[in-house]
Amino acid sequence: MSFVTPDLCDESPELISVVSPMFTNYGGHKAFHGEIVTVKCFEDNSVVKEQANLAGKGRVMVVDGGGSTRCALLGDLIAEKACENGWAGFVIYGCIRDVDAIAELNLGVQALNSIPIKSVRKGRGDLNIDITFGGVTFKPGHFIYADNNGVIVSPEALKLS
């Protein structure tokens, strides 16, 4: 099933919220969607790594990294594990690294930017809480759709063509 976010916006304007434009598409899948799993962390990707090691079931991990550009919250090893475990993708309000390797994966990844330094791991972060950035509140269990046009969120799954 394919989609483009402009068509989804036209077909279901009453359902969707549009995230402010800020992301760059880094993954091998330029269009991806799925049920939202949220992670809130700041310069510590411990929870991101833990979740990537679990079955993704086609879901999308939305990571609120506070917009930090001082370190990466996703690199090739975690992205590869997420891909192996069936995650559809990541939307990261923060940075990633290993962009060339991530571009080769069967995974959607959007982030603010890239930086070569990894995050520290101190076991800090919150899982499946409401998070807000880009003018949108992301709720666990809602649905996200991302492509080169932008990122949108809906409280229910949208019909794809």
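The values are calculated or read from the model by the stated rules, or taken from the named source; none is laboratory data. Quantities reported herein were computed from a predicted structural model and do not represent experimental measurements. Ideal geometry is used to build each Cβ from the backbone, glycine not excepted, and the neighbour counts take in all protein chains shown. For the accessible areas, the whole protein counts, side chains as well, though only heavy atoms, and no ligand, DNA or RNA atoms are used. Shrake-Rupley method; radii C 1.70, N 1.55, O 1.52, S 1.80 Å.
Taking the Kirkwood radius as Rh and the Cα radius of gyration as Rg, the chain has a ratio of Rg/Rh equal to 0.93. Note on the chain: with charges restricted to the Cβ of Lys and Arg (+1) and Asp and Glu (-1), its dipole about the Cα centre is near 540 debye. Over the chain, accessible surface divided per residue gives 47 Å², non-protein components excluded, 1.4 Å probe. For Val151, the residues whose amide H sits under 5 Å from its own are Val19, ignoring neighbours fewer than 5 places away on the same chain, with H placed 1.01 Å from N. Phi-derived couplings, Karplus 6.51 cos²θ - 1.76 cosθ + 1.60 at θ = phi - 60°, listed residue by residue for the range 58-72: x, 7, 10, 8, 9, 10, 8, x, x, x, 5, 10, 8, 7, 8 Hz, with x used for Gly and Pro.
The stretch between Asp7 and Ser46 holds 10.4 nm of extra length on full extension. This uses 0.36 nm per residue minus the Cα-Cα distance. For the chain, the carbon plus sulfur part of the accessible surface works out to 49%, probe radius 1.4 Å. The order of the peptides 49-55, 10-16 by mean Cβ neighbours within 10 Å, most packed first, is 49-55, 10-16.
Across the chain, the relative contact order, built from alpha-carbon pairs under 8 Å that are at least six residues apart, equals 36 percent.
Placing dummy labels 7 Å off each Cα toward the beta-carbon, the span from Asn148 to Lys118 is 3.2 nm. Looking at the chain, the DSSP beta bridges with both ends there are about 45 percent antiparallel. Taking the helices alone, the chain has a mean residue ellipticity at 222 nm of -4500 deg cm²/dmol, built from -39,500 (n - 2.57) per DSSP H run of at least 4 residues and averaged over all its residues.
Computed from phi, the 3J(HN,Hα) profile of the range 87-93 under the Karplus parametrisation 6.51, -1.76, 1.60 (θ = phi - 60°) reads 6, 7, x, 9, 10, 10, 7 Hz, with x in place of Gly and Pro.
If only the Cβ of Lys and Arg carry +1 and only the Cβ of Asp and Glu carry -1, the dipole of the range 87-161 around its Cα centre is close to 320 debye.
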